[in-house]
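The values are calculated or read from the model by the stated rules, or taken from the named source; none is laboratory data. Here the structure is a predicted model, which is why all the values come from computation and not from measurement. All Cβ positions, glycine included, derive from the backbone under ideal geometry; neighbour counts span all protein chains shown. Remember, those area values only see protein heavy atoms, side chains included, never the ligands or the DNA or RNA. Shrake-Rupley method; radii C 1.70, N 1.55, O 1.52, S 1.80 Å.
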Amino acid sequence: MKTGEILKDLSNAFGVSMYENPVKEKIIEYAKKISTDVEIFDAGKGSLGLKLGNGEKRFALFAHMDEIGIVITKIVDEQFAMVHTIGGVDPRTLISKRVKFKTENGEKIGVVGMLAPHLQKPQHRSSSPDFDNIYIDFSISGGTKDIEVGDIGTVDIEAIELNGKISGKALDNRVGCVVLLKTLEELKKFNLEGKSIYFLFNQGEEIGLKGAKRTAEDIAPEIGIVIDVTFGSDIPPYYEKVEMGKGPAIELGPSMHNEETQKMIDTAKKYGINHQLEPAPMRSGTESDIVQIVKEGVKTILISIPILNMHSSAEVVDPSDIDTSAILIANYIANYLEEGENNE
């Protein structure tokens, strides 16, 4: 299956934190098409788990399904409602956008309006709105009569392909979900005797790593590989830049397991797999922060896919980095030996 098409499909799915079922259903469909040998199960009371193999050596791949979103907090009148953030939404990214809400009566479309620039007063041109001053206009879809406080929404946008890149919402971290699916596909090429591989698609990362904590506790793998995104654009000048199209970034730092991270790097070098290195001096801000400390501890590796415009509705990713990540992870798992050497 073409990586970009899977990514667009998952990007378009509705899956705000703790409301990820539409994404989960699509992932299950793809998993069944990829492998008839995979076991599908409920992991960590709400996240999605896939299992391949029945060996004693337990690997787990982690990626979160959820996306940032908004929630109705106040019905102002028959036309307008107010919202607040679920996860890290910058209110500036909502201005002049269509937004889509899930309600008891189906989907409801609203718009976040903006006063035309030539009607704005000078003080308004230099200010940025916050959630105290953002109103959703539902007049285009019949008003607020079908809206309730607590209804969940996202920006209403379709993912597209541009010059080989994919742009859309929720690529953080539907990208990671596609890496897991493509790794499942890659692993079909290998003999996995003695190994069990778990693919964990987690809830609620954007609101506090909720799903990963539960699934890591549930599965208790020996080795955890977390897949998330990193900045593929401007960063502080004292950091090496990570670029799209040059492979995934392998994270280095005190939060990662040094020996297993080095094995991943050695795998990339041995098989000529494009990769980049990125320092993570403190916490990573990903599920690796929680996976590594569950129970007696999990040997954790973090693989990051470079994207542009993180936490916006115009995120951009190069699908080749997804494919490269899957090849890297599959080779690491399939050729894994305790002493750190890779067999042929």
Subject >> residue 261 surrounded by 22 or more Cβ atoms within 10 Å (Cβ to Cβ) and either out of contact with any helix residue (DSSP H, G or I) (no Cβ under 9 Å at 6 or more places or on another chain) or at positive phi (or both) >> reply: no
Original post:
Just for the range 102-148: of the residues that are hydroxyl-bearing (Ser, Thr, Tyr) and open to solvent by 90 Å² or more (accessible area, probe 1.4 Å), which one is nearest to residue 17 (Cα to Cα)?
Top reply: 135
Original post:
Where residues in the range 167-212 are part of a helix (DSSP H, G or I) and of a type in the set (Lys, Arg), which of them is most open to solvent (accessible area, probe 1.4 Å)?
Top reply: 210
Original post:
When the residues of the range 231-245 are filtered to those that are in contact (Cβ under 8 Å) with a residue 60 or more places away in the chain and of a type in the set (A, V, I, L, M, F, W, C), which remaining residue is least open to solvent (accessible area, probe 1.4 Å)?
Top reply: 242
**OP:** Kindly indicate the residue of the range 151-166 that is closer than 18 Å to residue 232 by Cα and touching a helix residue (DSSP H, G or I) at 6+ places or on another chain (Cβ under 8 Å) and also most open to solvent (accessible area, probe 1.4 Å) among those meeting that condition.
**Re:** 161
**OP:** Looking only at the range 73-80, decide whether some residue is of a type in the set (Val, Ile, Thr), surrounded by 21 or more Cβ atoms within 10 Å (Cβ to Cβ) and over 23 Å from residue 325 (Cα atoms).
**Re:** no
**OP:** Give the range 224-248 a look and list any residue that's hydrophobic (A, V, I, L, M, F, W, C) and more than 16 Å from residue 171 (Cα to Cα), or say none.
**Re:** 225, 235, 242
Original post:
Within the range 92-99, is there a residue that is under 30 Å from residue 326 (Cα atoms), in a strand (DSSP E or B), open to solvent by less than 10 Å² (accessible area, probe 1.4 Å) and in contact (Cβ under 8 Å) with a residue 24 or more places away in the chain?
Top reply: no
Original post:
In the range 68-97, what residues are touching a helix residue (DSSP H, G or I) at 6+ places or on another chain (Cβ under 7 Å) and under 20 Å from residue 170 (Cβ atoms)?
Top reply: 68, 86, 87, 88
Original post:
Is there any pair with a first residue in the range 288-313 that is over 13 Å from residue 256 (Cβ atoms) and a second that is small (Gly, Ala, Ser) whose Cβ atoms are under 6 Å apart and which are 6 or more apart or on different chains, and what are they?
Top reply: 290/212; 294/216; 295/220; 306/232; 307/232; 308/232; 308/233; 311/88
**OP:** Considering each of 132, 228, 172 in turn, give the residue that is more than 17 Å from residue 328 (Cα to Cα) and in contact (Cβ under 8 Å) with a residue 40 or more places away in the chain.
**Re:** 172
Original post:
Inside the range 5-29, can you point out the residues that are open to solvent by 10 Å² or more (accessible area, probe 1.4 Å) and within 14 Å of residue 86 (Cα to Cα)?
Top reply: 14, 18, 19
**OP:** Could you tell me which numbered condition residue 83 fails, if it satisfies all but one of (1) more than 24 Å from the chain's Cα centre (by Cα); (2) open to solvent by less than 20 Å² (accessible area, probe 1.4 Å)?
**Re:** (1)
**OP:** Being at pLDDT 95 or above and assigned to a loop (DSSP other than H, G, I, E, B) is the filter here, so list the residues in the range 143-157 that pass it.
**Re:** 143, 144, 147, 148, 149, 150, 151, 156, 157
Subject >> Segments classed as strands (runs of 3 or more DSSP E), wholly inside the range 266-344, with at least 2 members that are open to solvent by 20 Å² or more (accessible area, probe 1.4 Å) >> reply: 276-279, 299-308
